[in-house]
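In what follows, a structure is listed as C-alpha cells, so that the remarks can point back to it.
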Amino acid sequence: MIIKYLPHTADIRMAIESKTIKGLFATAVKGMGNILKEGYCDQRNVFSKSIRITTHSLDYTSLLIDFLSDVLSLGYIENSVYCKLEIEKLSKKTIVAKAFGFHVDQFDEEIKAVTHHEANILKNKRKKWETCIVFDI
Amino acid sequence: MRKVQKEHINKITDYLWEIPQSFRQDMKVPARILAFETLLDDIIEDRSLNQLVNVATLPGIKKASFVMPDVHEGYGFPIGGVAATSYPHGAISPGGIGYDINCGVRLLVSQIQIEDIKPQLENLSKELYKQIPSGMGKGGQIRLTPSDMEEVLVKGAEWAIENGYGIKEDLYNIESNGKLDSADPSLVSDMAKKRGANQLGTIGSGNHFVEVDFVEEIYDKHIAEVYGLKKNQVVVLIHTGSRGLGHQVATDHIRIIMSAMSKYNIKVPDRELACVPFDSREGQNYFKAMCAAANYAWCNREVISWEVRNAWENIFGNKGGALNVLYDVAHNIAKIETHTIENTDQMVIVHRKGATRAFGPKSKELPKKYNEVGQPIIIPGSMGTCSYVLAGTSKSHETAFGSCCHGAGRRLSRRAAKKKVNAPALKEQLREKGIYVEAGSFKGIAEEAPIAYKDVNMVVETVSNSGIAKKIAKLIPVAVIKG
C-alpha cells in the first residue's frame, strides 16, 4: 500500500498503489481519510463507526471515483471519517463494501469532490495496481 | 498528449494569444488566452493550457475556448475558463461550471469611513467571526426542513428575504435577481439536500472568506458615483458558494452524464469534461439541478449578509448605518445568453468556471441604475494585498462572451504555501499592517497567504488594458474572516 500526495496548484493530487485491485480501493479510502483528518487513519486501528456501501459504475476507474464520492458524502452527513475497508464483492462495475471509521467534530480539510480528472487505474511495470486521484478542495 | 509550449501560441495583440485549431486534430475552435506576456510565461508552467485545448473539443463549441489572466490548472476546464456552446443542441458540461456551483462574490457598501472605525476593527473582526460560521463542514444557525429546502432551491435569495434574513432591495442588485427560474428541486438528490440542510449562512473553507475593506483609490469618478463608492468608504466582501449541496449536485450529475455520453456518441479527452447535448434529458436534468444549486448559493450569500449586518449592528449600534448590496455575481455557472458571433445574434450556453460575467452598458439583464455604466465586476485579491471593483464593457461581449477574470489566481500549491509560510508570523505581520485575520486554523492562513497568489494588480491591468473591463475602485483589506 503506497499513498503519495503530489503537488497541485489548487487541489490535492494523490497517487496510490497496491498489490491487488481490492487493496487499491482500500488504499484510496485510507488516503482520503488522512486528508479529511490529517494522519488519523495512520494512527488508528479501532473504529467506532461502520457503514455498508454499494456502488455501481462504468469501469474500475469510474467505480473507484464514484465509490470514494459515496464514502465522502456519507461521511459528511454523519460527521465521520472512514479509514478501513472490508470488501464483500468487487467487479469492474460494482463494489459492495463495509467502511470503518470514527466520528469527528470537525474536519481538517473540506474536500468538495473526488474528481475523475487524471484517474486511470492500470497495472504498472512492477505489476501493481495504481492510479492518481485529484480531490477538489 | 503534447504539452502546450510558447512556440505553439500566436500573438494576436499584447493581451490576446491564440493556440490555433491546427494544434490538435480534435479541436473544433482555437483556444485563446487573455494575458500580458509576463503572465503567459507563468501560465505555461502548469497544465491549464492543455485543459483549455481540451475544452476546444467540446461538441457545439462556438468561436473559441477562452482563459482569463488569473487562469490556473483545474480538472476538465481550467479555472478561469469560458466556453460557449450552441443552444439548444450543443454540449453542457458540469466540468465547465465546477463542483462549487455559483461560487461567487458579493460586495456590501457601508455609509462610514475607515478613519471612523479604526479603533473598533479588531472587535469587528472577532464579532464577524462569531456571527458567521466558517470552517470545514461547519453547519450554521438555520436548519432547513424538507419543505424549506424546496423553497430555497426555487426562490434563491428571495427565500431569505421572506424569512427575515434579508432586505428586499438586495434582490435588485444580484445577478439574475438571485434566482434562476429553471430550477427544479426534484432533480436535486436527497443526499445533496441533506448536506445543505444546515449549511445556509456558512462560508466553508479553502479560499472562501468575508473581508472588510476600504476604498483606497477611485479610477472613474462617474461610475464610482453610480456604484455608490467613495474614497475611504468601508465595504464588505463576501466570497462563497453553494456548499455541500452544490458539490453533491455536481457529483451526482457528472456520474449520470458520464454514463450517458456513449448514447450520444460523445468522446472527451478528459473524463471531467463529461458532457451531453443541452437539450437531452440528462442535459436538461443537470441544468435544472444546477439552477437549483445556484439559487441555494444566492440564498447563502443573502443569509451571510444578514449575519454581517448583525455583527455590524452589534459593534456600531445605530451609528453603523446601512450595508447595501452593490452587486452579487457568480463565477461558477452556466447561463443561456445571446451573443454576436460571426455578425449574427446567437443563443449560446455560456460556461464560466472561475470567470465572472462582465456585461457592458445597455445589457438587458442589468439593474436599471447600472444600465448606462455597465455591470459591476468584483475581483477579490488575496488577504493582505487588494481587491478591485471593475465595470463591464461592450468589448467584453466582443472578446469572450461578456466575461472577465474572477480573482488573482493561485500560483503556489497549498502544500508549497504551507511549507513557505509561517502562519502565526504572517498573522502578526498583517496585524502590524492594520489587517486583522480571524481563521479556524493557521493552516488555512498559510494556504491562503498572499504569496500563494498571482499579482492581482497584473491580472486587473491585463483586463483593463485589453478593454474587457474598466477599473473603478481599489479596495484594501482591514479585517479577514476565513474558514
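May I ask you to list the residues in the range B:307-337 that are in a helix (DSSP H, G or I), crowded, with 20+ Cβ neighbours inside 10 Å and of a type outside the set (Asp, Glu)?
Within the range B:307-337, B:VAL308, B:ALA311, B:TRP312, B:GLY320 meet the criteria.
Within the range A:43-81, how many residues turn out to be outside any helix (DSSP H, G or I) and in contact with a His (Cβ under 8 Å, 6 or more places away or on another chain)?
5
Are any of the residues in the range A:49-66 without any contact (Cβ under 8 Å) to a residue 12 or more places away in the chain, among the basic types (Lys, Arg) and in contact with a strand residue (DSSP E or B) (Cβ under 9 Å, 6 or more places away or on another chain)?
Looking through the range A:49-66, none of the residues is without any contact (Cβ under 8 Å) to a residue 12 or more places away in the chain, among the basic types (Lys, Arg) and in contact with a strand residue (DSSP E or B) (Cβ under 9 Å, 6 or more places away or on another chain).
Among the residues of the range B:424-483, which ones are part of a loop (DSSP other than H, G, I, E, B) and either over 21 Å from B:SER413 (Cα atoms) or within 18 Å of the chain's Cα centre (by Cα) (or both)?
B:LYS433, B:GLY434, B:ILE435, B:GLU448, B:LYS454, B:ASP455, B:GLY467, B:ILE468, B:GLY483
Report, ordered by the first and then the second residue, all pairs with beta carbons closer than 7 Å, sequence separation of six or more or different chains, a first member in the range B:441-453 that is closer than 25 Å to B:CYS405 by Cβ, and a second member that is hydroxyl-bearing (Ser, Thr, Tyr) and at pLDDT 90 or above.
Correct list of pairs: B:PRO450/B:THR385.
Kindly provide the set of residues from the range B:437-470 that are more than 14 Å from B:CYS386 (Cα to Cα) and not small (Gly, Ala, Ser), ordered by number.
The answer is B:VAL437, B:GLU438, B:PHE442, B:LYS443, B:ILE445, B:GLU447, B:THR462, B:VAL463, B:ASN465, B:ILE468, B:LYS470.
Within the range B:276-317, which residues are hydroxyl-bearing (Ser, Thr, Tyr) and either closer than 30 Å to B:LEU124 by Cβ or over 25 Å from the mean Cα position of the chain (by Cα) (or both)?
B:SER280, B:TYR296, B:SER305 - these are the residues of the range B:276-317 that are hydroxyl-bearing (Ser, Thr, Tyr) and either closer than 30 Å to B:LEU124 by Cβ or over 25 Å from the mean Cα position of the chain (by Cα) (or both).
Restricting attention to the range A:1-42, which residues are polar (S, T, N, Q) and in contact with a His (Cβ under 8 Å, 6 or more places away or on another chain)?
Result: A:THR9, single match.
Collect the residues in the range B:24-47 that are crowded, with 24+ Cβ neighbours inside 10 Å and under 18 Å from B:HIS406 (Cα atoms), keeping them in residue-number order.
Hits for the range B:24-47 are B:ILE33, B:LEU34, B:ALA35, B:ILE43.
So which residues in the range A:72-93 are in contact with a helix residue (DSSP H, G or I) (Cβ under 6 Å, 6 or more places away or on another chain), at pLDDT 95 or above and among the hydrophobic types (A, V, I, L, M, F, W, C), if there are any at all?
A:VAL81, A:CYS83, A:LEU85, A:ILE87, A:LEU90
Given the conditions (1) part of a helix (DSSP H, G or I); (2) in contact (Cβ under 8 Å) with a residue 24 or more places away in the chain; (3) within 11 Å of chain A (Cβ to nearest Cβ); (4) farther than 30 Å from B:ALA439 by Cα, which single one is not true for B:VAL268?
Of (1) part of a helix (DSSP H, G or I); (2) in contact (Cβ under 8 Å) with a residue 24 or more places away in the chain; (3) within 11 Å of chain A (Cβ to nearest Cβ); (4) farther than 30 Å from B:ALA439 by Cα, only one is false for B:VAL268: (1).
So, of the residues in the range B:86-103 that are touching a Ser or Thr at 6+ places or on another chain (Cβ under 8 Å) and away from every other protein chain (no Cβ under 14 Å), which turns out to be farthest from B:LYS353 (Cα to Cα)?
Ranking the candidates gives B:ALA91 first.
From the set of residues in the range A:97-125 that are in contact (Cβ under 8 Å) with a residue 40 or more places away in the chain and surrounded by fewer than 16 Cβ atoms within 10 Å (Cβ to Cβ), which is nearest to the other protein chains (Cβ to nearest Cβ)?
So, considering only residues that are in contact (Cβ under 8 Å) with a residue 40 or more places away in the chain and surrounded by fewer than 16 Cβ atoms within 10 Å (Cβ to Cβ), the one nearest to the other protein chains (Cβ to nearest Cβ) is A:ASN120.
Answer yes or no as to whether A:GLY33 is more than 9 Å from chain B (Cβ to nearest Cβ), within 26 Å of B:LYS443 (Cα to Cα) and buried (at least 21 other Cβ atoms within 10 Å of the Cβ).
Yes: the conditions hold for A:GLY33.
The values are calculated or read from the model by the stated rules, or taken from the named source; none is laboratory data. As the structure is a prediction and not an experimental result, all values here were calculated from the model. All Cβ positions, glycine included, derive from the backbone under ideal geometry; neighbour counts span all protein chains shown.
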